[in-house]
Structures are given as C-alpha cells and as structure tokens.
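Coordinate-derived values only; no laboratory data. Not measured: the values here are computed from a predicted model. Please note: Cβ atoms are built from the backbone with ideal geometry, for glycine as well, and neighbour counts cover all protein chains shown.
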Amino acid sequence: MITLDKEITKIGGWSTIFTIKGECCRCAKVLAPHRRYKGAFPDPAMIARKKYGIEDMLQYELDNYHFLMAHVPEELKSHFVTIEDIQTSACGRKALVMELVTDDTGGVAKNLDANTRPLSQAFFQTLERIRRDVLLRHDIDHFGIACRNILVRNQDSPVLIDFQNSAKRHRGQFWLKLPFFIRRKITRKFQRVYRDLGVPDFTKAPGIEDIVLP
C-alpha cells in the first residue's frame, strides 16, 4: 500500500500525479474530476465508461503501455516512463504507480510546454526514431503524442508519458484500426509537436542522420 503525498501536476481532465510518501523515485497517478461533463465535474471513471466504453481507465493505460513496450527496442526503452502496476493508496484510491522522471538538475522533469531550456539535435533524432522505428513500423497508435506528454530528462533525452489508444476510445471510427490511417495520424501528431516548438518538420527528413537543427 502506498501513501499519496504532494501533488505534482494535473494531467488533462482525467487525473492528478502525486509523489509517494517516503519515496524519491516513484509517483502515483490517480483519477480526479477535472473535466466538465454535462455541466458538472463527475468521476472520470464514469465518463470513460459512458463515453468510451472503458471500464477501468488506469488498467486501460497499463495495458496500452505493456503492448507498446513489447515493440520498443532496448536502446529506446529509457525514453518511455516506466510504469510498474496499479496499487491502492492508504486513502483507498487506486493509483497507477510509475517512475518519477527527473531532469539533470535533480528536479521533476518538465514537459515540452513548460520547458525553457534549449534542446539538442539528438533530442529530435530520438523522437524521430520513436516515430519511425516503433510507432510506424508496428502500426501503433499513441493517442497522447503532444508537447504536454513529452518530458525533458535533459537536452538530449525525451521521455514519453500517458499511454492511450484512439481505436479503444473511439470504437465507432473503424478507420482508426487501419494501418494507413494510424501511420498518417501519428505523423500528424509529431508534425504538430515540431510546429509548436518552432523547429523544422523532421518527419520529412530522409533519414535520422539528416535531422539537423537550423
């Protein structure tokens, strides 16, 4: 059993991340009612069931994480947050327990929306390796590719968080299961990240070695 401690951040409309009391290297993600739904802020588990047919939002993310990591080469695994399991906290809330990603100053790693430090060429080469060698090669839909879900461990090292799947969330949209549409959607998400950061569209680079910052 874990004890939730200080709030680190709120993630979108679904959850809050807490430190774990007495631990420095792990944190816990719990569902929290931050999202407005039909004029109120209900339990996100209820929204997930009614809107998406997902019975357990934390288990859904854990399952997506395991599926994705089964296709990630060993040398890229450090660029995905390590998720351990689901535990019950001392206050009775279910929590997804995971690595607390820190940066090279020892603080909690910021996401790309909050980061103000310069990023290296290697940072973007790694992102493109993830896109090309993992997501496109295996036709994996990572719903959460966005600046808010990419942490900066250091200037060379991105870390991806928040593992969701569009096909499960939008079951009526059958095309989200088709490889062509999955690849196109993933590429658009990376293009949005590059555009938001004001860097070239590295998805158009012929090879990883051709990714060069201006």
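When the Karplus curve 6.51 cos²θ - 1.76 cosθ + 1.60 is applied with θ = phi - 60°, which whole-Hz ³J(HN,Hα) does each residue of region 180-197 get, with x for Gly and Pro?
The phi angles translate into 4, 6, 4, 5, 5, 5, 4, 4, 4, 5, 5, 4, 5, 4, 5, 5, 5, 8 Hz.
Using the Cβ atoms and a cut-off under 12 Å, what net charge is assigned to the surroundings of Gln121, where Lys and Arg are +1 and Asp and Glu are -1?
Values: positive: none; negative: Glu128, Asp156, Glu209, Asp210.
Summing Lys and Arg as +1 and Asp and Glu as -1 gives -4.
Would you mind checking which residues have amide H under 5 Å from Thr3's amide H? H placed 1.01 Å from N; only 5 or more apart, or other chain.
Hits under the 5 Å cutoff: Lys21, Ala90.
Using R₀ = 30 Å, calculate the FRET efficiency as 1/(1 + (r/R₀)^6) where r is the Cβ-Cβ separation of Cys24 and Ala70; round to 0.05. The partial results should precede the final answer.
Working: r = 29 Å, r/R0 = 0.96.
Efficiency, from the Cβ-Cβ distance: 0.55.
What is the sum of charges, Lys and Arg at +1 and Asp and Glu at -1, for the other residues whose Cβ falls under 13 Å from the Cβ of Lys94? Don't skip to the end; give the middle numbers.
Details: positive: Lys29, Arg93; negative: Asp43, Glu55, Asp56, Glu61, Asp85.
Charge balance in the 13 Å sphere: -3.
First select every other residue whose beta carbon is under 11 angstrom from the beta carbon of Asn149; then total the charges, Lys and Arg +1, Asp and Glu -1. Walk me through the numbers before you get to the answer.
On the way: positive: Arg148, Lys189; negative: Asp113, Asp162.
Cβ neighbours under 11 Å give a net charge of 0.
Counting other beta carbons within 10 Å of each Cβ, put Arg192, Arg93 in order, fewest first.
Details: Arg192 13, Arg93 16.
In increasing order of surrounding Cβ atoms, one gets Arg192, Arg93.
Run through region 32-84 and list the GluC sites (Glu not before Pro) located in a DSSP loop whose Cβ has at most 14 other Cβ atoms within 10 Å. Can you show the working numbers first?
Numbers: sites: Glu55, Glu61, Glu74, Glu75, Glu84; in loops: Glu55.
Answer by residue number: Glu55.
Please compare each pair in Lys10/Lys185; Lys50/Lys204; Lys94/Lys204 to a cut-off of 31 Å on the Cα-Cα distance and tell me which ones are over it.
Working: Lys10/Lys185 26 Å; Lys50/Lys204 39 Å; Lys94/Lys204 42 Å.
From the list (Lys10/Lys185; Lys50/Lys204; Lys94/Lys204), the Cα-Cα distance tops 31 Å for Lys50/Lys204; Lys94/Lys204.
Helix 57-69 sits at what angle to the longest principal axis of the chain, using alpha carbons and giving 0 to 90 degrees rounded to 10?
In the chain, helix 57-69 runs at an angle near 30 degrees to the longest axis.
How big is the C-alpha Rg of region 4-210 next to the rule-of-thumb value 2.2 N^0.38 Å, as a ratio?
Numbers: Rg = 17.2 Å, N = 207, 2.2 N^0.38 = 16.7 Å.
Relative to the rule-of-thumb radius for its length, region 4-210 sits at 1.03.
Can you pull the percent of Cα pairs in region 83-133 with separation above 16 Å?
Result for the distance tail: 65 percent.
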